[in-house]
Amino acid sequence: MFSRVLDVFRRGLGPSIRPSEAEIIRIMTGASLAGNAVTEEKALRFSAVYACVRVLSESVAQLPLKVYRRKGGERQEASDHYLYPLLHDAPNPKQTAFSFWEAVTASLTLWGNAYALIDFDTAGRVTALWFLDPSSVYPRKTEKGLVYDVGAKTYLWGEILHIPGLGFDGLVGHSVVKTAVESIGQGIAASEYAGRFFSNDATPRGVLEM
């Protein structure tokens with residue numbers, strides 16, 4: 001599994017960039033030069049990152065997602081289409097449209113990719129979309145086409161809704177947090193240092209003698 005992850009990461013960087021395995025591990029684990037590990041989850045504890053992700057996610061989630069059909073040269077709202085309530089109201093029995101698209105947007109802004117498992121009925125129609133944790137999904141190319149490893153299961157491309165962010169191979173988007181790991185790492189390190197400093201009553205370490 002780890003070798004496949006390294007392969008996907010290298011393909012995402014493009015053929016002209018060939019980092020060493022040690023450098024890839026450092027980037028993938030989020031180790032910054034500031035000395036702290038920066039992951040998508042930890043980045044959310046940094047107030048600047050959280051504020052940006054929250055504003056983007058809530059702004060996108062409150063926009064109505066509708067289904068339209070073309071009739072002649074006009075576009076008409078197709079509220080009678082079977083996909084309309086799935087996209088506009090609730091993609092699955094446990095989530096509203098707002099919470100689902102909020103999670104999708106947050107996933108895009110942090111991991112650079114968003115995934116959802118597609119449920120079908122016996123007629124082959126979509127009945128539900130289930131949000132997937134992006135940290136547990138690994139897309140890869142095979143002789144049979146694009147597949148997705150989710151835990152111990154492998155799904156075909158038609159079984160997963162994949163919304164990629166900025167990327168260069170047409171397969172996966174780049175993690176925004178991993179790309180900006182140094183800036184976020186410095187911010188987190190400064191915040192943690194300030195917290196330790198003030199918890200010690202702003203008393204500096206050491207003693208000056210003269």
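In this simple spin-label model, placing a label point 7 Å from the Cα along the Cα-to-Cβ direction at both residue 156 and residue 135 gives a separation of 3.2 nm. Converting phi to 3J(HN,Hα) with the Karplus coefficients 6.51, -1.76 and 1.60 and the offset θ = phi - 60°, the range 94-104 yields 9, 9, 7, 4, 4, 5, 5, 6, 5, 5, 4 Hz in sequence order, with x at every glycine or proline. Note on the range 98-155: Kirkwood radius taken over Cα pairs, Stokes-Einstein applied at 20 °C and 1.002 mPa s, translational D equal to 170 µm² s⁻¹. The heavy atoms of residue 126 offer some 40 square angstrom of accessible surface to a 1.4 angstrom probe. Each residue was assigned an accessible area with a 1.4 Å probe, and for residue 80 the value is about 120 Å². In order along the range 87-93, the phi-based Karplus estimate (6.51 cos²θ - 1.76 cosθ + 1.60, θ = phi - 60°) of 3J(HN,Hα) comes to 8, 8, 9, 7, x, 7, x Hz; Gly and Pro are listed as x. For residue 127, the amide hydrogen comes within under 5 Å of the amide hydrogens of 119, 120, 121, counting only partners 5 or more places away or on other chains and with H modelled in the peptide plane. A cut-off under 13 angstrom between Cβ atoms defines the neighbours of residue 110, and their net charge, with Lys, Arg +1 and Asp, Glu -1, is 0.
Taking every protein chain into account, the 1.4 Å probe leaves residue 175 with about 20 Å² of accessible area, to the nearest ten.
Fully extended, how many nm does the chain gain between residue 83 and residue 171 (0.36 nm per residue separation, minus their Cα-Cα distance)? The partial results should precede the final answer.
Details: separation 88, 0.36 × 88 = 31.68 nm, distance 2.58 nm.
Here the segment from residue 83 to residue 171 would lengthen by 29.1 nm.
Sorted largest first by accessible area at a 1.4 angstrom probe radius, with every protein chain in place, the residues 143, 102 fall in the order 143, 102. The separation of the range 123-164 from the range 54-97, counted between C-alpha centres, amounts to 22 Å. Scanning residues 5 or more positions from residue 132 or on other chains, those with amide H under 5 Å from its amide H are 115, 116, 117, with H placed 1.01 Å from N in the peptide plane.
The values are calculated or read from the model by the stated rules, or taken from the named source; none is laboratory data. Since the model is a prediction, treat every value here as computed from it, not as a measurement. Positions of Cβ are generated from backbone atoms using ideal geometry, with glycine treated the same way; all protein chains shown enter the neighbour counts. When the accessible area is computed, the model is the full protein with side chains, heavy atoms only, and any ligands, DNA or RNA have been set aside. Shrake-Rupley method; radii C 1.70, N 1.55, O 1.52, S 1.80 Å.
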